[in-house]
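Chemist: Once you've had a glance at the structure underneath, I'll fire off some questions.
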Amino acid sequence: PHVRTFPGGMHACRVAGAWPLVDNEHVHVQATSVPVYGGATATATSKLTIIFKGQQHCTDERVYHAETDDLPAAFVDGTKMGGLGRRQYAASGLLVTEKVPGRHVEISAVYIGTTVAVRQVGRYLTFAIRTPAHVAEAYDHDESLGQALQLCWRGCPGTERLDQEAGGAGDGGGGGDGRTAGVFTARTARAACEERLSVDDPYFETCVFDLLTTGDLSFAQAAAFASQDAVELAPPLAVVSSREQRGGGPGALRPSA
Amino acid sequence: CRILKCNSEFVAATSGPGRSSVEDGGGVAAVGPAGPVGPIGRGRPSPGSAAPLCAALRAYSACTRRTSRACRGDLAYHSAVLGIEDLMAQNACGGTSAVAAGGGGGRLASSEPSPPPPPAPPARAGPVRRACGATRARAPPAGAYRYCGLSGD
(Lines give C-alpha, C1' and ligand atoms only; values in the text may rest on other atoms or scores of the structure.)
Protein backbone atom coordinates (compact mmCIF):
# COMPACT_ATOMS: atom_id res chain seq x y z
CA PRO A 1 0.00 0.00 0.00
CA HIS A 2 0.91 3.67 -0.09
CA VAL A 3 1.72 4.96 3.34
CA ARG A 4 1.79 8.65 4.06
CA THR A 5 3.90 9.03 7.15
CA PHE A 6 3.69 11.38 10.11
CA PRO A 7 6.75 13.29 8.88
CA GLY A 8 5.06 13.75 5.49
CA GLY A 9 6.77 11.16 3.30
CA MET A 10 4.90 8.94 0.86
CA HIS A 11 6.08 5.40 0.29
CA ALA A 12 4.79 2.52 -1.78
CA CYS A 13 5.27 -0.70 0.14
CA ARG A 14 5.16 -4.35 -0.69
CA VAL A 15 4.76 -5.27 2.97
CA ALA A 16 2.79 -8.48 3.34
CA GLY A 17 1.37 -9.84 6.54
CA ALA A 18 0.78 -7.86 9.71
CA TRP A 19 2.74 -4.67 10.30
CA PRO A 20 2.35 -1.98 12.95
CA LEU A 21 1.40 1.44 11.69
CA VAL A 22 1.18 3.18 15.06
CA ASP A 23 2.39 1.96 18.41
CA ASN A 24 2.47 4.45 21.25
CA GLU A 25 1.23 4.71 24.82
CA HIS A 26 -2.31 5.43 23.70
CA VAL A 27 -3.00 3.77 20.37
CA HIS A 28 -1.80 0.70 18.54
CA VAL A 29 -2.70 0.12 14.89
CA GLN A 30 -1.84 -3.04 13.04
CA ALA A 31 -2.47 -3.50 9.30
CA THR A 32 -2.48 -6.79 7.47
CA SER A 33 -1.70 -6.70 3.78
CA VAL A 34 -2.10 -9.42 1.19
CA PRO A 35 -0.91 -9.69 -2.40
CA VAL A 36 -3.19 -8.05 -4.92
CA TYR A 37 -4.12 -10.61 -7.52
CA GLY A 38 -1.98 -13.70 -7.85
CA GLY A 39 1.66 -13.14 -8.55
CA ALA A 40 1.68 -9.37 -8.17
CA THR A 41 4.38 -7.82 -6.01
CA ALA A 42 2.00 -5.17 -4.77
CA THR A 43 -0.11 -5.77 -1.68
CA ALA A 44 -3.18 -4.08 -0.27
CA THR A 45 -4.70 -3.89 3.17
CA SER A 46 -7.21 -6.55 4.09
CA LYS A 47 -7.37 -6.17 7.90
CA LEU A 48 -6.96 -3.38 10.39
CA THR A 49 -6.83 -3.69 14.15
CA ILE A 50 -6.88 -0.54 16.26
CA ILE A 51 -6.37 -0.70 19.99
CA PHE A 52 -7.18 2.28 22.19
CA LYS A 53 -5.26 1.50 25.31
CA GLY A 54 -7.54 3.23 27.75
CA GLN A 55 -7.02 5.96 30.26
CA GLN A 56 -7.78 6.38 33.91
CA HIS A 57 -11.13 8.05 34.57
CA CYS A 58 -12.05 7.81 30.87
CA THR A 59 -12.16 4.38 29.41
CA ASP A 60 -10.59 1.02 29.59
CA GLU A 61 -9.13 -0.62 26.53
CA ARG A 62 -11.23 -0.79 23.40
CA VAL A 63 -10.34 -2.75 20.26
CA TYR A 64 -11.67 -2.06 16.79
CA HIS A 65 -11.17 -4.66 14.10
CA ALA A 66 -12.11 -4.41 10.44
CA GLU A 67 -11.47 -6.67 7.52
CA THR A 68 -12.61 -6.96 3.97
CA ASP A 69 -16.42 -7.13 3.84
CA ASP A 70 -16.64 -6.65 7.60
CA LEU A 71 -16.42 -3.00 8.62
CA PRO A 72 -18.32 -2.95 11.89
CA ALA A 73 -19.80 0.14 13.52
CA ALA A 74 -18.64 -0.95 16.97
CA PHE A 75 -15.66 -2.17 18.88
CA VAL A 76 -15.09 -5.90 19.07
CA ASP A 77 -16.95 -6.08 22.40
CA GLY A 78 -20.03 -4.63 20.72
CA THR A 79 -19.81 -1.22 22.33
CA LYS A 80 -19.83 2.01 20.36
CA MET A 81 -18.47 4.23 23.10
CA GLY A 82 -15.64 4.05 25.53
CA GLY A 83 -16.21 3.62 29.22
CA LEU A 84 -15.10 1.70 32.23
CA GLY A 85 -15.90 -1.95 32.59
CA ARG A 86 -18.97 -2.84 30.64
CA ARG A 87 -20.52 0.59 31.03
CA GLN A 88 -20.37 2.99 28.13
CA TYR A 89 -20.69 6.71 28.44
CA ALA A 90 -20.23 9.60 26.09
CA ALA A 91 -18.00 11.51 28.47
CA SER A 92 -15.31 8.89 27.95
CA GLY A 93 -14.44 10.73 24.75
CA LEU A 94 -14.23 7.56 22.62
CA LEU A 95 -16.85 6.96 19.98
CA VAL A 96 -17.35 4.88 16.83
CA THR A 97 -19.42 6.58 14.12
CA GLU A 98 -20.66 4.80 11.05
CA LYS A 99 -20.47 7.27 8.17
CA VAL A 100 -21.50 4.89 5.40
CA PRO A 101 -22.71 1.46 6.49
CA GLY A 102 -20.14 -1.17 5.71
CA ARG A 103 -17.94 1.32 3.89
CA HIS A 104 -16.77 4.13 6.12
CA VAL A 105 -16.27 4.30 9.87
CA GLU A 106 -14.79 7.09 11.92
CA ILE A 107 -13.50 6.70 15.46
CA SER A 108 -13.11 9.78 17.63
CA ALA A 109 -10.86 9.50 20.65
CA VAL A 110 -11.45 12.98 22.00
CA TYR A 111 -9.58 12.34 25.23
CA ILE A 112 -6.38 12.09 23.19
CA GLY A 113 -7.44 14.47 20.43
CA THR A 114 -7.30 11.70 17.85
CA THR A 115 -9.50 10.85 14.87
CA VAL A 116 -9.27 7.65 12.85
CA ALA A 117 -10.99 6.93 9.54
CA VAL A 118 -11.37 3.43 8.10
CA ARG A 119 -12.90 2.77 4.70
CA GLN A 120 -13.46 -0.19 2.47
CA VAL A 121 -13.08 0.66 -1.19
CA GLY A 122 -13.36 -2.27 -3.57
CA ARG A 123 -11.89 -5.29 -1.82
CA TYR A 124 -9.43 -3.43 0.37
CA LEU A 125 -9.24 -1.08 3.31
CA THR A 126 -7.87 2.41 3.72
CA PHE A 127 -6.80 3.98 6.99
CA ALA A 128 -6.15 7.52 8.16
CA ILE A 129 -5.26 8.96 11.54
CA ARG A 130 -4.96 12.51 12.81
CA THR A 131 -3.39 12.78 16.20
CA PRO A 132 -1.61 15.43 18.27
CA ALA A 133 2.14 15.31 17.86
CA HIS A 134 2.69 14.61 21.54
CA VAL A 135 0.42 11.57 21.31
CA ALA A 136 2.15 10.27 18.17
CA GLU A 137 5.49 10.72 19.89
CA ALA A 138 4.46 9.04 23.14
CA TYR A 139 6.43 5.87 22.66
CA ASP A 140 9.57 4.64 24.30
CA HIS A 141 12.35 6.49 22.55
CA ASP A 142 14.91 4.50 24.48
CA GLU A 143 14.05 1.38 22.54
CA SER A 144 15.71 1.52 19.18
CA LEU A 145 12.96 -0.54 17.63
CA GLY A 146 10.17 1.61 19.00
CA GLN A 147 10.04 3.90 16.02
CA ALA A 148 11.48 1.52 13.46
CA LEU A 149 8.47 -0.75 13.80
CA GLN A 150 5.92 1.97 13.11
CA LEU A 151 5.22 2.41 9.43
CA CYS A 152 3.59 5.74 10.20
CA TRP A 153 6.87 7.07 11.50
CA ARG A 154 9.52 5.43 9.37
CA GLY A 155 7.56 4.45 6.32
CA CYS A 156 8.49 1.25 4.58
CA PRO A 157 11.75 -0.45 5.37
CA GLY A 158 14.08 -0.17 2.39
CA THR A 159 13.66 -3.80 1.46
CA GLU A 160 9.89 -3.42 1.39
CA ARG A 161 9.69 -0.34 -0.82
CA LEU A 162 8.45 -0.52 -4.35
CA ASP A 163 10.17 1.48 -7.02
CA GLN A 164 7.24 3.33 -8.44
CA GLU A 165 9.17 4.38 -11.50
CA ALA A 166 9.86 0.78 -12.36
CA GLY A 167 6.25 0.07 -11.64
CA GLY A 168 5.25 2.48 -14.37
CA ALA A 169 3.75 5.20 -12.24
CA GLY A 170 2.73 7.54 -14.96
CA ASP A 171 4.21 8.67 -18.19
CA GLY A 172 4.35 12.32 -17.33
CA GLY A 173 1.99 13.03 -20.19
CA GLY A 174 4.57 11.82 -22.67
CA GLY A 175 2.39 9.37 -24.48
CA GLY A 176 2.82 6.17 -22.49
CA ASP A 177 5.49 3.55 -22.41
CA GLY A 178 3.51 0.56 -23.52
CA ARG A 179 3.34 -1.15 -20.13
CA THR A 180 -0.09 -2.27 -19.19
CA ALA A 181 -1.79 -4.22 -16.44
CA GLY A 182 -5.37 -5.17 -16.86
CA VAL A 183 -7.01 -2.76 -19.26
CA PHE A 184 -4.96 0.35 -18.46
CA THR A 185 -2.14 2.00 -20.29
CA ALA A 186 -0.30 4.86 -18.71
CA ARG A 187 -2.41 7.27 -20.70
CA THR A 188 -5.76 5.71 -19.83
CA ALA A 189 -4.74 5.34 -16.19
CA ARG A 190 -3.95 9.02 -15.96
CA ALA A 191 -7.21 9.85 -17.64
CA ALA A 192 -9.13 7.70 -15.18
CA CYS A 193 -7.37 9.33 -12.25
CA GLU A 194 -7.95 12.82 -13.62
CA GLU A 195 -11.66 12.13 -13.41
CA ARG A 196 -11.31 11.83 -9.63
CA LEU A 197 -8.26 13.82 -8.63
CA SER A 198 -6.39 16.92 -9.61
CA VAL A 199 -3.04 16.15 -11.20
CA ASP A 200 -1.49 18.23 -8.43
CA ASP A 201 -3.11 16.11 -5.76
CA PRO A 202 -0.61 14.22 -3.60
CA TYR A 203 -2.53 11.05 -4.32
CA PHE A 204 -2.69 11.41 -8.10
CA GLU A 205 0.49 9.48 -8.80
CA THR A 206 -0.51 6.74 -6.39
CA CYS A 207 -3.76 6.42 -8.30
CA VAL A 208 -1.94 6.01 -11.61
CA PHE A 209 0.48 3.54 -10.09
CA ASP A 210 -2.32 1.43 -8.67
CA LEU A 211 -4.29 1.32 -11.91
CA LEU A 212 -1.23 0.28 -13.84
CA THR A 213 -0.35 -2.32 -11.28
CA THR A 214 -3.75 -3.90 -10.86
CA GLY A 215 -6.07 -2.74 -13.61
CA ASP A 216 -8.68 -2.38 -10.89
CA LEU A 217 -10.56 0.89 -11.13
CA SER A 218 -11.60 0.70 -7.48
CA PHE A 219 -8.07 1.77 -6.55
CA ALA A 220 -8.71 5.09 -8.27
CA GLN A 221 -11.68 5.57 -6.00
CA ALA A 222 -9.57 4.53 -3.02
CA ALA A 223 -7.01 7.20 -3.92
CA ALA A 224 -9.77 9.78 -4.17
CA PHE A 225 -11.08 8.83 -0.73
CA ALA A 226 -7.57 8.85 0.71
CA SER A 227 -7.16 12.36 -0.65
CA GLN A 228 -10.49 13.35 0.87
CA ASP A 229 -9.48 11.97 4.27
CA ALA A 230 -6.21 13.86 4.08
CA VAL A 231 -7.98 17.10 3.27
CA GLU A 232 -10.41 16.61 6.13
CA LEU A 233 -7.97 15.31 8.71
CA ALA A 234 -4.46 16.39 7.86
CA PRO A 235 -3.05 19.65 9.12
CA PRO A 236 -2.90 22.06 6.19
CA LEU A 237 0.81 22.59 6.42
CA ALA A 238 1.46 18.89 6.20
CA VAL A 239 -0.27 18.50 2.84
CA VAL A 240 2.58 17.87 0.46
CA SER A 241 1.96 18.57 -3.18
CA SER A 242 3.02 16.00 -5.71
CA ARG A 243 5.46 18.55 -7.07
CA GLU A 244 7.18 18.74 -3.69
CA GLN A 245 7.17 14.99 -3.40
CA ARG A 246 9.04 14.70 -6.66
CA GLY A 247 11.89 16.56 -5.11
CA GLY A 248 11.64 14.54 -1.91
CA GLY A 249 13.83 11.89 -0.43
CA PRO A 250 14.00 8.17 -1.08
CA GLY A 251 10.65 6.69 -1.74
CA ALA A 252 9.03 9.94 -2.74
CA LEU A 253 6.82 9.71 -5.76
CA ARG A 254 8.51 10.77 -8.94
CA PRO A 255 7.31 10.72 -12.51
CA SER A 256 8.97 8.51 -15.03
CA ALA A 257 11.65 10.11 -17.14
CA CYS B 1 -21.35 9.11 44.15
CA ARG B 2 -20.33 11.60 46.77
CA ILE B 3 -18.94 14.38 44.67
CA LEU B 4 -21.10 16.93 46.47
CA LYS B 5 -19.34 16.03 49.71
CA CYS B 6 -16.01 16.77 48.04
CA ASN B 7 -17.38 20.06 46.79
CA SER B 8 -18.57 21.02 50.27
CA GLU B 9 -15.25 20.17 51.86
CA PHE B 10 -13.45 22.27 49.30
CA VAL B 11 -15.73 25.22 49.82
CA ALA B 12 -15.29 24.91 53.57
CA ALA B 13 -11.53 24.67 53.27
CA THR B 14 -11.29 27.78 51.17
CA SER B 15 -13.79 30.01 52.92
CA GLY B 16 -12.79 29.66 56.57
CA PRO B 17 -10.78 32.13 58.68
CA GLY B 18 -7.12 32.58 57.88
CA ARG B 19 -7.62 32.05 54.19
CA SER B 20 -6.98 35.62 53.23
CA SER B 21 -5.19 34.77 50.05
CA VAL B 22 -8.24 33.03 48.76
CA GLU B 23 -10.64 35.59 50.05
CA ASP B 24 -8.57 38.24 48.33
CA GLY B 25 -9.65 36.61 45.16
CA GLY B 26 -13.23 37.30 46.03
CA GLY B 27 -14.30 33.92 47.31
CA VAL B 28 -14.45 30.44 45.94
CA ALA B 29 -17.06 28.11 44.61
CA ALA B 30 -16.72 24.47 43.90
CA VAL B 31 -16.34 23.34 40.36
CA GLY B 32 -19.68 22.78 38.75
CA PRO B 33 -20.73 21.31 35.44
CA ALA B 34 -20.20 24.67 33.81
CA GLY B 35 -16.58 24.70 34.95
CA PRO B 36 -14.89 26.76 37.62
CA VAL B 37 -17.30 29.17 39.21
CA GLY B 38 -16.22 32.39 40.83
CA PRO B 39 -13.33 34.74 40.36
CA ILE B 40 -10.44 32.55 41.50
CA GLY B 41 -9.52 31.75 37.95
CA ARG B 42 -8.69 35.35 37.15
CA GLY B 43 -5.04 36.15 36.68
CA ARG B 44 -2.14 34.10 37.88
CA PRO B 45 -1.30 34.56 41.54
CA SER B 46 2.20 34.18 42.81
CA PRO B 47 2.97 30.66 44.00
CA GLY B 48 3.22 31.70 47.61
CA SER B 49 -0.09 33.48 47.74
CA ALA B 50 -1.83 30.47 46.23
CA ALA B 51 -0.37 27.91 48.61
CA PRO B 52 -3.49 27.54 50.80
CA LEU B 53 -5.64 27.28 47.74
CA CYS B 54 -3.31 24.69 46.26
CA ALA B 55 -3.52 22.67 49.43
CA ALA B 56 -7.28 22.82 49.27
CA LEU B 57 -7.23 21.83 45.63
CA ARG B 58 -5.02 18.86 46.38
CA ALA B 59 -7.41 17.75 49.06
CA TYR B 60 -10.28 18.27 46.63
CA SER B 61 -8.47 16.21 44.03
CA ALA B 62 -7.77 13.43 46.51
CA CYS B 63 -11.44 13.41 47.43
CA THR B 64 -12.51 13.07 43.81
CA ARG B 65 -10.08 10.21 43.33
CA ARG B 66 -11.68 8.38 46.21
CA THR B 67 -15.05 8.76 44.57
CA SER B 68 -13.91 8.04 41.04
CA ARG B 69 -15.39 4.59 40.82
CA ALA B 70 -18.82 5.50 42.07
CA CYS B 71 -18.85 8.78 40.14
CA ARG B 72 -17.56 7.54 36.83
CA GLY B 73 -20.84 8.31 35.08
CA ASP B 74 -21.46 11.57 36.86
CA LEU B 75 -21.07 14.76 34.85
CA ALA B 76 -20.52 16.86 37.95
CA TYR B 77 -17.67 14.58 38.95
CA HIS B 78 -15.96 14.82 35.57
CA SER B 79 -16.43 18.56 35.52
CA ALA B 80 -14.91 18.79 38.96
CA VAL B 81 -11.87 16.78 37.91
CA LEU B 82 -11.29 19.02 34.92
CA GLY B 83 -11.94 22.16 36.91
CA ILE B 84 -9.50 21.17 39.63
CA GLU B 85 -6.76 20.65 37.10
CA ASP B 86 -7.58 24.00 35.51
CA LEU B 87 -7.41 25.74 38.85
CA MET B 88 -4.18 24.04 39.81
CA ALA B 89 -2.63 25.09 36.54
CA GLN B 90 -3.89 28.67 36.87
CA ASN B 91 -2.49 28.89 40.37
CA ALA B 92 0.80 27.19 39.56
CA CYS B 93 0.16 24.47 42.08
CA GLY B 94 2.44 22.03 40.30
CA GLY B 95 0.21 18.98 40.15
CA THR B 96 -1.88 16.98 42.52
CA SER B 97 0.91 14.80 43.84
CA ALA B 98 3.64 17.41 44.16
CA VAL B 99 4.80 19.05 47.33
CA ALA B 100 3.20 22.44 47.86
CA ALA B 101 4.52 24.86 45.30
CA GLY B 102 6.25 28.02 46.32
CA GLY B 103 7.46 26.89 49.71
CA GLY B 104 4.29 27.13 51.75
CA GLY B 105 2.21 29.80 53.35
CA GLY B 106 5.11 31.49 55.10
CA ARG B 107 5.54 33.68 52.13
CA LEU B 108 2.15 35.21 52.67
CA ALA B 109 3.63 37.53 55.27
CA SER B 110 6.82 38.21 53.41
CA SER B 111 7.51 41.54 51.79
CA GLU B 112 10.04 40.02 49.44
CA PRO B 113 9.17 39.88 45.78
CA SER B 114 7.40 36.75 44.76
CA PRO B 115 9.70 34.03 43.48
CA PRO B 116 9.33 32.95 39.90
CA PRO B 117 6.63 30.40 39.29
CA PRO B 118 7.69 26.78 39.31
CA PRO B 119 8.48 25.19 35.98
CA ALA B 120 5.51 24.12 33.93
CA PRO B 121 4.75 20.41 33.96
CA PRO B 122 6.34 18.47 31.13
CA ALA B 123 4.57 18.59 27.81
CA ARG B 124 3.83 14.87 27.96
CA ALA B 125 1.69 15.55 30.98
CA GLY B 126 -0.62 17.64 28.83
CA PRO B 127 -3.98 16.69 27.42
CA VAL B 128 -3.34 12.97 27.27
CA ARG B 129 -2.96 12.81 31.03
CA ARG B 130 -6.05 14.85 31.65
CA ALA B 131 -9.46 13.49 32.34
CA CYS B 132 -11.97 12.71 29.63
CA GLY B 133 -12.86 15.47 27.29
CA ALA B 134 -10.18 17.83 28.50
CA THR B 135 -8.68 18.09 25.06
CA ARG B 136 -11.93 19.48 23.72
CA ALA B 137 -11.05 22.76 25.30
CA ARG B 138 -7.33 22.35 25.05
CA ALA B 139 -6.78 21.06 21.55
CA PRO B 140 -3.32 21.84 20.27
CA PRO B 141 -2.95 24.25 17.37
CA ALA B 142 -3.27 22.85 13.87
CA GLY B 143 0.47 22.61 13.39
CA ALA B 144 0.78 20.35 16.42
CA TYR B 145 -1.07 17.48 14.76
CA ARG B 146 0.36 14.56 12.86
CA TYR B 147 -1.30 12.69 10.04
CA CYS B 148 -0.74 9.21 8.67
CA GLY B 149 -2.63 7.36 5.98
CA LEU B 150 -2.56 3.97 4.32
CA SER B 151 -4.33 3.35 1.04
CA GLY B 152 -4.20 1.67 -2.31
CA ASP B 153 -1.88 -1.11 -3.35
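Chemist: Being assigned to a loop (DSSP other than H, G, I, E, B) and surrounded by fewer than 17 Cβ atoms within 10 Å (Cβ to Cβ) is the filter here; which residues of the range A:6-50 pass it?
Modeler: Of everything in the range A:6-50, those that are assigned to a loop (DSSP other than H, G, I, E, B) and surrounded by fewer than 17 Cβ atoms within 10 Å (Cβ to Cβ) turn out to be A:7, A:16, A:25, A:37, A:38, A:39, A:40, A:41.
Chemist: Follow-up question, since we're still on this one. Name every residue in the range A:51-87 that is buried (at least 17 other Cβ atoms within 10 Å of the Cβ), aliphatic (A, V, I, L, M) and within 30 Å of residue A:15 (Cβ to Cβ), in order of residue number.
Modeler: Of everything in the range A:51-87, those that are buried (at least 17 other Cβ atoms within 10 Å of the Cβ), aliphatic (A, V, I, L, M) and within 30 Å of residue A:15 (Cβ to Cβ) turn out to be A:51, A:66, A:71.
Chemist: Can you give me the number of residues within the range A:35-84 that are aliphatic (A, V, I, L, M), without any contact (Cβ under 8 Å) to a residue 60 or more places away in the chain and more than 10 Å from every other protein chain (Cβ to nearest Cβ)?
Modeler: Number of matching residues: 8.
Chemist: Could you please let me know if residue B:70 is modelled with pLDDT of 65 or more and not in a loop (DSSP other than H, G, I, E, B)?
Modeler: Here the answer is no, as residue B:70 does not meet what is asked.
Chemist: Farther than 26 Å from residue A:217 by Cα and in contact with a Ser or Thr (Cβ under 9 Å, 6 or more places away or on another chain): is that true of residue A:78 in this structure?
Modeler: Considered against the rule, which asks whether it is farther than 26 Å from residue A:217 by Cα and in contact with a Ser or Thr (Cβ under 9 Å, 6 or more places away or on another chain), residue A:78 comes out as no.
Chemist: Kindly indicate which of A:118, A:100 is more than 25 Å from residue A:24 (Cβ to Cβ) and among the β-branched types (Val, Ile, Thr).
Modeler: A:100
Chemist: Here's a follow-up. Count, please, the residues in the range A:85-134 that happen to be within 8 Å of chain B (Cβ to nearest Cβ) and closer than 13 Å to residue A:64 by Cα.
Modeler: Qualifying residue count, the range A:85-134: 1.
Chemist: Next up: Only one residue in A:191, A:148, A:169, A:226 is modelled with pLDDT of 90 or more and in contact with a helix residue (DSSP H, G or I) (Cβ under 9 Å, 6 or more places away or on another chain). Which one?
Modeler: Of the residues listed, the single one that is modelled with pLDDT of 90 or more and in contact with a helix residue (DSSP H, G or I) (Cβ under 9 Å, 6 or more places away or on another chain) is A:226.
The values are calculated or read from the model by the stated rules, or taken from the named source; none is laboratory data. Nothing here was measured: the structure is a model prediction, and the numbers come from that model. In this analysis, Cβ positions are derived from the backbone assuming ideal geometry, glycine residues included, and neighbour counts consider all displayed protein chains.
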